[in-house]
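The values are calculated or read from the model by the stated rules, or taken from the named source; none is laboratory data. Treat the numbers as computed from the prediction; the structure is a model and nothing was measured. Glycine also receives a Cβ, built like all others from the backbone with ideal geometry; neighbour counts cover every protein chain displayed. The protein model used for the area step is the full one, side chains on, heavy atoms only, and it has no ligands, DNA or RNA in it. Shrake-Rupley method; radii C 1.70, N 1.55, O 1.52, S 1.80 Å.
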Amino acid sequence: MTISAPVTVFLVDDHALFRAGVRAELGSRVAIAGEAGDVPAAAAGILATRPDVVLLDVHLPGGGGRAVIDAVRREAPEQKFLALSVSDAAEDVIAVIRAGARGYVTKTIAADDLVDAIRRVQEGDAVFSPRLAGFVLDAFSGSLPGTVDPELDLLTAREQEVMRLIARGYAYKEVASRLHLSVKTIETHVSAVLRKLQLSNRHELTVWAADRRLL
């Protein structure tokens, strides 16, 4: 009886604690080829180890997940990527899929489902968390509403993440926990969002986001 080798995976996330949690959850079901917390280290590590699948966060220091894909694919166009992010924003999903990722799942995914997603991507399938698949179908069928919004473009990717969570009613502490940031950092981001959008409070922010179908 032939025992197949485990899928090799390279972890890319800027939070070491989260990477440690993923390693613990995946256990012996995959082989961790390496890990990195920023774009340059990720690109170098992936090219050095050539894993079956790269498990890739979307927001990273030095350019984000898309920059990792772009850097790696110049030398290894066959490399397979599965995005794993706290963000469920349409623009994040679409950007990383257009760059070449084979799937996108959120960090709420169960360990067994994540292992299954990794294996499916390794086998060539496209994998998405249920509500995210619609974004991709809409985008590639040309029916996604225009994503150019001058006001939204004023916000950084992290500010957009914070904005959506605050607009959905999450408390600062809950947002901080979900994004692995301090409450003080969340307060700073919210202040910047309100200033840039010329809004006074989170109620106005919720109305603003709902009007743009960003919730």
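Side notes on the structure shown:
- Å² of accessible area per residue within the chain, as computed with a 1.4 Å probe and no ligands counted: 50
- Extended-chain gain in nm, criterion 0.36 nm per residue less alpha-carbon gap, Ala44 and His180: 46.5 nm
- Each residue of region 88-102 was assigned a 3J(HN,Hα) from its phi angle through the Karplus curve 6.51 cos²θ - 1.76 cosθ + 1.60 (θ = phi - 60°); the sequence is 10, 6, 4, 5, 5, 4, 5, 4, 6, 6, 4, 5, x, 5, 8 Hz, with glycine and proline shown as x.
- Residue-span extension gain [Glu151 to Arg195] - 0.36 nm each, minus C-alpha spacing: 14.7 nm
- Straightening the chain between Thr188 and Arg120 buys 20.5 nm, computed as 0.36 nm per residue apart minus the Cα-Cα spacing.
- Carbon plus sulfur fraction of accessible area for the chain, probe 1.4 Å, in percent: 53
- In the chain, helices alone account for a calculated mean residue ellipticity at 222 nm of -15500 deg cm²/dmol, with every DSSP H run of four or more residues adding -39,500 (n - 2.57).
- Per-q log10 I(q)/I(0), region 1-101, q = 0.17, 0.21 Å⁻¹ (Debye; single scatterer per alpha-carbon; no solvent): -0.71, -1.05
- Near Arg120: Cβ cut-off under 13 Å, other residues only, Lys/Arg at +1 and Asp/Glu at -1. The net charge is -3.
- In the chain, the longest principal axis of the Cα atoms and the axis of helix 130-141 are about 90 degrees apart.
- Within the chain, the proportion of C-alpha pairs whose separation exceeds 28 Å stands at 31%.
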